Amino acid sequence: MLAYEYQSDGVLRFVEKPEPTAGDGELVVRIAANGICGTDLKIARGEHRFFPPGTVRVPGHEAIGVVTENKSGDDRYAPGTAVAIAPNISCGHCRPCQRGFQNLCANYEAFGLTFDGAFSELMLVPAPAIKNGNVLVIPEHLDLGTAALTEPIAAVIRGFRPLNITENDTVLICGAGPMGLISLLVAKQRGVGKVIVSQTSPHRRQIAEELGADATINPREGDLAEQVKDMTDGAGADVVVVATPVAQVFTDVLRSAAVGARINFFAGLPSGKGDIPLDANLIHYRELIVTGSTANNNADCQEALDLLASNPDLFSPLISAFYPLNEADKAFEAAKAGDNLKVILYSE
């Protein structure tokens, strides 16, 4: 089978690999669609901690496919069944798992990160993933290309959990990349009265407006906090999602927040560059709640799949390009370009 593999010299290349076969408790899935995300681009740059020099592995963790071989013992996964793969396999025993943070499992494994993933024609689903509930059946009416948005939507849902969004909130989203725009759509779907998107790119601001943003801001045209306050009668934003890895934004959003606001640091900063100045008095005197989020768990993925299946047309405009697997080089270049949102690889 064809695969797009990270090789020992740190370069992604096309290779022919033996087709996987299912052992006891396992599945084989023919990959129908798989999104390219920031993690994959980081891998391609040779900057991911799970891909040290000498690593040979197939990335890809936003996997959608059709079961071709089922030895799991679970009839839900009969051959021909379309499935979404929740990528993070938790151990269930460590302290984070026991406290509900399966996405932060101390011993976790992950498709495309710690073992071969979905940038291939076929993918083996190991028994621990099936036992752990990582295989989700896709409703028949949902297009498999659109279903590839399940995992990124799940990451946004994870970030929204502690924010307790209400219809009376004004939400500020900083960054209009794919994750910021998904945040916009999820917020609007939850009935938020006003969503403001901050983004330097005019093209991305226009997309945000087309997707339902009530207002957009160019943070280069003036102080972010002052622009937000001008749009909120001086109050500031009740909910803030930082979806851009720009250090200054993490500092500025505290001044942009209303009294009692909830703030999610959704984006991460580059390794070694997370030490930034924050005004603790703003958190103290305004009673701000500042949270972070990373990855997702199976429950987040199931909620995302249900949301996507209930309104696929809401989210499908986020997909800007499809490429066959044998054009993965071009797909990665497209994913790095500023004009594209979500780029999907598919197997012909």
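The values are calculated or read from the model by the stated rules, or taken from the named source; none is laboratory data. It should be emphasised that the depicted structure is a prediction, and the values quoted were computed from it without experimental measurement. Here Cβ is always computed from backbone atoms with ideal geometry, including for glycine, and neighbour counts include all displayed protein chains. With ligands, DNA and RNA removed, areas are computed over all heavy atoms of the protein, side chains included. Shrake-Rupley method; radii C 1.70, N 1.55, O 1.52, S 1.80 Å.
Going by the structure shown, is residue 261 closer than 24 Å to residue 194 by Cβ and of a type in the set (A, V, I, L, M, F, W, C)? Quick ask: steps written out before the conclusion?
Details: closer than 24 Å to residue 194 by Cβ: yes; of a type in the set (A, V, I, L, M, F, W, C): yes.
Yes: the conditions hold for residue 261.
Could you figure out which of (1) open to solvent by 10 Å² or more (accessible area, probe 1.4 Å); (2) modelled with pLDDT of 95 or more; (3) out of contact with any Cys (no Cβ under 9 Å at 6 or more places or on another chain) isn't true of residue 110?
(1)
Which residue out of 139, 128 is open to solvent by 20 Å² or more (accessible area, probe 1.4 Å), touching a residue at least 24 places away in the same chain (Cβ under 8 Å), farther than 25 Å from residue 21 by Cα and of a type outside the set (Gly, Ala, Ser)?
Details: 128 fails: farther than 25 Å from residue 21 by Cα.
The match here is 139.
For (1) open to solvent by 40 Å² or more (accessible area, probe 1.4 Å); (2) among the basic types (Lys, Arg); (3) without any contact (Cβ under 8 Å) to a residue 12 or more places away in the chain, each residue gets a yes or a no:
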position	(1), (2), (3)
249	no, no, no
256	no, no, no
264	no, no, no
268	yes, no, no
280	yes, no, yes
286	yes, yes, no
296	no, no, no
336	yes, yes, no
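Taking the stretch 298-318 as the search range and keeping residues that are of a type in the set (Asp, Glu) and closer than 26 Å to residue 96 by Cα, which one is surrounded by the fewest Cβ atoms within 10 Å (Cβ to Cβ)? Give the steps one after another, and end with the answer.
To start, the set of residues in the stretch 298-318 that are of a type in the set (Asp, Glu) comprises 300, 303, 306, 313.
Next, only the ones that are closer than 26 Å to residue 96 by Cα stay: 300, 303, 306.
Values: 300: 26, 303: 17, 306: 12.
Residue satisfying both the conditions and the ranking: 306.
Per-residue answers, yes or no, for (1) assigned to a loop (DSSP other than H, G, I, E, B); (2) in contact with a strand residue (DSSP E or B) (Cβ under 6 Å, 6 or more places away or on another chain):
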position	(1), (2)
153	no, no
167	yes, no
176	yes, yes
180	no, yes
183	no, yes
207	no, no
